[in-house]
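FYI, it's all coordinate maths here, none of it is from the lab. Only a predicted model underlies this, so the values are computations on that prediction, with no experimental measurement involved. Reconstructed Cβ throughout: ideal geometry from the backbone, glycine too, with neighbour counts over all protein chains shown.
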């Protein structure tokens, strides 16, 4: 009867489906002095696991290990050795603050941009239709931070941009001309000074 | 050690880059320093948003000179604030409002009856914003161009455009 059970347990064991309790039962069974001949080979297997499990590191295990490492380092202080020491395995959580900081900043930026241009997600056609409700040529009021369009017609907007560019350009040149005049005057002065 | 500190640097750099990009996209000088004037009824506001600049692609560009088109397509947004009331006072106030740590003075023209200042916001050799502050007896104007700005191209534009500013220029020459 017991043999049937052991046979079933063995079957399970080789499929690695046994529980810890079942494995303990198997180990106990194989400790018996007399077992069927066909299972005799397995006696050593279970006996081996049993004895190996008893082994614990000795009292001086750590000291010996450290001694060995020190010796190895003393005899071979090559670059490979120092590399091994220089590249400690850093646990992930020590990097986490950086990732967290980056993630928070990216999130904040995303949110601020969304808040800044709530209409940006809509398609151009939609936004034209929406802004069509606003009067062209008048200033639209709203939050000071978001740029509100004055024109809803790109053609008009372009005309305004051209006017603005023209004004800026002209004033810029105005400045340059004056500068040029002053440089000329300075040159004249210098030349007359040299001539005298 | 090396690879790790590099990694850390990148970790630091990435958010910084994003922050810089965010700050650039955030606002122009008018939004930053003159927000209250936008709501002020004494001021006339003209705003062309980045959205409208994108819509400009639909416009018929055939009659537009190519150099104008080139400059306009590189712009991101435009905002103009102007007023006719107490221009000199607003001019003085505006100069104190602009954060000169961020903006660099480019051109200053001071005449008997007109003052013009150009300040720019620059990073990495590119001008991201050009702000014009102009005042004469008729009014005070703030004009902010945001985008990728080529000053030389912009200065050349007035020769390819017939505008009021050009006439002023000629008058100046005549006066001499």
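The packing ranking of peptides A:55-66, B:67-78, A:22-33, A:37-48, highest mean first, is B:67-78, A:22-33, A:37-48, A:55-66, where packing means the average number of other beta carbon atoms within 10 angstrom of each residue. Taking every residue in A:20-32 and counting other chain Cβ atoms within 10 Å of its Cβ, the average works out to 0. Neighbouring Cβ atoms from other chains, within 10 Å of the Cβ of residues in B:105-113, number 3 on average.
The label point for residue A:72 and the one for residue A:12, both projected 7 Å from the Cα toward the Cβ, are 4.1 nm apart.
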